[in-house]
Each structure stands twice: as C-alpha cells, then as structure tokens.
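Below: one structure, written as structure tokens.
The values are calculated or read from the model by the stated rules, or taken from the named source; none is laboratory data. Small disclaimer: the values here were computed from a predicted structure and weren't measured. All Cβ positions, even for glycine, are placed from backbone atoms using ideal geometry, and neighbour counts span all protein chains on display.
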C-alpha cells in the first residue's frame, strides 16, 4: 500500500461544475489507488442550502461513469461533508473552523489542510482574508491554497489578486493550477530533452529552424459564452497553457529537477521573452473569430448564447514568440489555438534546419525535407520523426519516411488524468508542476501589450469558417519567414 498523506480538503465552490466534473473524480481515483484512504475528509462549501446526504448523492452521481462498485463509492462519499457558506460572512468561517476541527479529530488528519478555490477569482482575496482573520490556518500541519485560472485578466488585476492572497499564504503554500502541466506528454518533455543526448545536443538555435505549438479544439464556445466573451483565446489559452508548454520546451536545464531549480529556470526563461512594442503586435500576432461552417449547419460565435452579437472577442490566436537568450535567439516559436477547428489536437512540431551543403549531387535538393520531430499530446499520445532517405530501386532518388511511437489504447487507459496527478503533487508538497507568481508576472506583461493593441482596433469578424484551420493571416504569419504550418489535420 502507498503511504497515505492525511488531509482535509475544503473546497470553496463545492457544488459547482468544476468540482463535480474534475475534482471529485480525481479524488476518487486517488482513493481507489490508495493515495488517500482512511485519513481524509472533504468539506464542500457553497451558497446552496444542501444537507450532507444530498451533497454525497451529487458526488456519487459524478462518479457513475468511473466506477460500478457501489460499495467503494459509498465508502468514499461518506468522507464528504457540506456547509452552506456565504464567503462574506465571518460567522460562516467560524462554523467552518469548528467542522474542520471535528473532522481533523475524527479522521486523524494531523491538521493538514488543502483550501481549494473552485470559485470566481474575484472572491480569492475575500476567502483568503477570512481564512486568516477567523484563524482557520492550523499550527502544526500543512496549509495549502489551490487556485484555478483565470488568475486576473491583466497584469494589474493579477498582481492585486496575488497581493491579497499573499496576506494569508506565502508563495510556497500557493498552488496555481494549470492542468496542462498535469498532462502525461507535457510532463514527458523535460525527460525527453534532458535524458536523451541525441535531443539535448541539438535542442538549440544551431539546429532548430522553428517550433510550432498547436492547441486545436473542434468544439465552439457552447454554453460558456458568459465567461468566454469577457476572456477570449488570448487570455483563456495563450497566457497560461501555451506559455507553460513553451517553458517546458525552452527552459535551460536545471541543476537538478527540483521545484526550486525548475522554477528558477522558468523565471530566467520568461525574463528573456522578447517583448513586443505596440507597433509590432500586428506583425507577430493574428486573431480570428469563427463564423458558420461551409454547410451552414453550425452557428457563428456571435450567434451563441450570452454573446454580444457585435462581439470583438477572438476565438483564435496565432503568434510568433521570440526569446532573447543564447540558446534560442532568432528561433521563431509559432503558437496557435482556436475553437471550431477541423479536429481536437494538441501537439508540438519541431522543425530542424536543413544541412547547408548537400553532398549528394545526384539527388534533387528540393526533395530533401527538413527533419521534423513531433510530440503528440492529445487525443493520441506519441512521437513522430520525419527523416530523409532513398526510394527502393536502382535509381538513387530521395524519399521521406517517419519513425513513430504511439501509446496503445491499453496504455492510454492507464494514463492518470491531469487533475489526479496534480492532486498527488499538492498532497506531496511538490510545486514543480504549478505556476509561480514570477512566471505569471512576466507572461501577463507580454500578453497585455497584445491585448491593449487589439482593444484599440476593430477587426472584421468573423474571419474564418468553422471547420477550417483559422484565418489566412495565420498562414501568412509563417510564410513571411519562409515557413508553413506542419500540422494540417
């Protein structure tokens, strides 16, 4: 049996969609695999006037598709408790403290507490302030705060949020979740880079022509219009997920793979981001908004529920990001993310430079292709390496072939969900796969320049059809450098 980490989870927003869709299934899988067992409890809080039994029934409902063992689900859900809670009411925190103390004694939790904010970011500071003023922080166990994105909507608001929660929790107690950092293939990137000399040697500007990161979604905004129309793809995807994948690909090799050393490498990397001036934004970033599809069977973004019919919110972003450091100076990192693209796919394509001199004079040089190494993150998982060779036969003619590795369906079934991995990290006190304030600070400053420029100008939306790979300007962005997107579905 694995060593159990006793803990009380206090989930603010415990009746919400995130908790039922992601958190409770993740905790259940930890329970099923003995990361938590006897010594854990969960308090769900929200404004709704629920009983413990009703709350437990909603938890069971969220687990139906994950487990048919009713006895196991029953035992797991018996550790759940509910408190109706107004985040502005001090008395409610006093009641919460009493419940937490009683559960600590009942389940032998050693005063370890995880405060999970599955609520609107505007409430983070309020809750953190009451946790301090009503003295919910324990003296002997650990106290860890988990917060979800969006962490602010620009640098100014993010700093305000950070200042507020820092009045109660120090940086080493704060776990800012970016679920992409919990994905199997994203966590594989540092191991791939630093444990394989064949890649470690050539992972730099001398050998790499360009890098392309694609986060494509086939679905539209659907029912998230109320949130999405105030956020957009730049804030919702680029500022966090894209930037963190970028960091995995480009940070310098840390002295050792510890949280402290990894975050030091990331901090230095983001400090080397080549900032854009306002005049450079349109040369380096493209925005798009989806319209109807070719057969007009899907509505446009502006026709969706809770969306302004004249909305200027982008559902697509493509950009060229550069670093001013010795390792990657001059290498363009092209990124793109969008909704209503032809298929759901997250992948990285690393394009290597051609050999300057072709010694095989009998070969057609135009047929010799760049080596391309692709990391497939989802929905499949694997690697592809495109290489040059010759065709079979007497003629000495070129051909390309690929070396592929793909995880089997059986292996994919065993891959832990991102939230499951991150929950284990939180219990272990491991910050490696979470975002530090220094990183957020740098990425928000970079994104703010783009956002401010776009807010000053109106774009002719919609500018790409649903089911396509975005606006033509995204292709032009690469074509100006003599490049093209590797992934076209």
Query raised in the report: Does residue 430 satisfy the criteria of being closer than 30 Å to residue 173 by Cα and surrounded by fewer than 16 Cβ atoms within 10 Å (Cβ to Cβ)?
Result: yes
Query - Enumeration of residues in the stretch 205-217 that are exposed (fewer than 15 other Cβ atoms within 10 Å of the Cβ) and out of contact with any strand residue (DSSP E or B) (no Cβ under 8 Å at 6 or more places or on another chain) - result: 206
Query raised in the report: Counting only residues that are outside any loop (DSSP other than H, G, I, E, B) and touching a strand residue (DSSP E or B) at 6+ places or on another chain (Cβ under 6 Å), which one in the stretch 105-129 is surrounded by the fewest Cβ atoms within 10 Å (Cβ to Cβ)?
Result: 107
Report task. Tally the residues that are part of a loop (DSSP other than H, G, I, E, B) and over 20 Å from residue 374 (Cβ atoms), restricting the search to the stretch 452-481. Result -> 11
**Report entry** Flag for residue 366 being at pLDDT below 95 and in a helix (DSSP H, G or I)
**Finding:** yes
Query raised in the report: Looking at (1) buried (at least 17 other Cβ atoms within 10 Å of the Cβ); (2) at pLDDT 95 or above; (3) not in a helix (DSSP H, G or I), can you tell me which one residue 87 breaks?
Result: (2)
Query raised in the report: Just checking, how many residues over the stretch 466-489 are touching a residue at least 24 places away in the same chain (Cβ under 8 Å) and under 26 Å from the mean Cα position of the chain (by Cα)?
Result: 14
**Report entry** In the stretch 171-197, the residues that are surrounded by fewer than 19 Cβ atoms within 10 Å (Cβ to Cβ) and not in a helix (DSSP H, G or I)
**Finding:** 195, 196
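Here's the yes/no breakdown for (1) modelled with pLDDT of 95 or more; (2) surrounded by fewer than 17 Cβ atoms within 10 Å (Cβ to Cβ); (3) in contact with a helix residue (DSSP H, G or I) (Cβ under 7 Å, 6 or more places away or on another chain):
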site	(1), (2), (3)
294	no, yes, no
297	no, yes, no
300	yes, no, no
305	no, yes, yes
315	yes, no, yes
328	yes, no, yes
Query raised in the report: Has the stretch 28-42 got any residue that is in a helix (DSSP H, G or I), in contact with a strand residue (DSSP E or B) (Cβ under 6 Å, 6 or more places away or on another chain) and either crowded, with 22+ Cβ neighbours inside 10 Å or in the same structural domain as residue 120 (by TED's automatic domain parsing) (or both)?
Result: no
Query raised in the report: Of the conditions (1) exposed (fewer than 11 other Cβ atoms within 10 Å of the Cβ); (2) farther than 30 Å from residue 31 by Cβ, residue 413 fails just one. Which one is it?
Result: (2)
Report summary line: Counting only residues in the stretch 268-282 that are closer than 22 Å to residue 458 by Cα and in contact (Cβ under 8 Å) with a residue 24 or more places away in the chain, the one surrounded by the fewest Cβ atoms within 10 Å (Cβ to Cβ) is identified as 277
Report task. May I ask you to verify whether residue 81 is in a strand (DSSP E or B) and either farther than 20 Å from residue 39 by Cα or in contact (Cβ under 8 Å) with a residue 12 or more places away in the chain (or both)? Result -> yes
Query raised in the report: Which residues, counting only those in the stretch 280-295, are closer than 20 Å to residue 308 by Cα and either assigned to a loop (DSSP other than H, G, I, E, B) or not assigned by TED's automatic domain parsing to the domain that holds residue 467 (or both)?
Result: 289
Report task. Look at the stretch 443-461 and say how many of its residues are crowded, with 18+ Cβ neighbours inside 10 Å and modelled with pLDDT under 95. Result -> 0
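One line per residue, one yes/no per condition, for (1) in a helix (DSSP H, G or I); (2) surrounded by fewer than 17 Cβ atoms within 10 Å (Cβ to Cβ); (3) at pLDDT below 95:
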site	(1), (2), (3)
2	no, yes, yes
8	no, no, no
11	no, no, no
25	yes, no, no
44	no, no, no
Requested in this report: Could you grab the pairs with beta carbons closer than 6 Å, sequence gap of 6+ or different chains, first residue in the stretch 306-328 and part of a loop (DSSP other than H, G, I, E, B), second one surrounded by fewer than 17 Cβ atoms within 10 Å (Cβ to Cβ)?
Outcome: 306/226; 322/274; 324/274; 327/204; 328/205
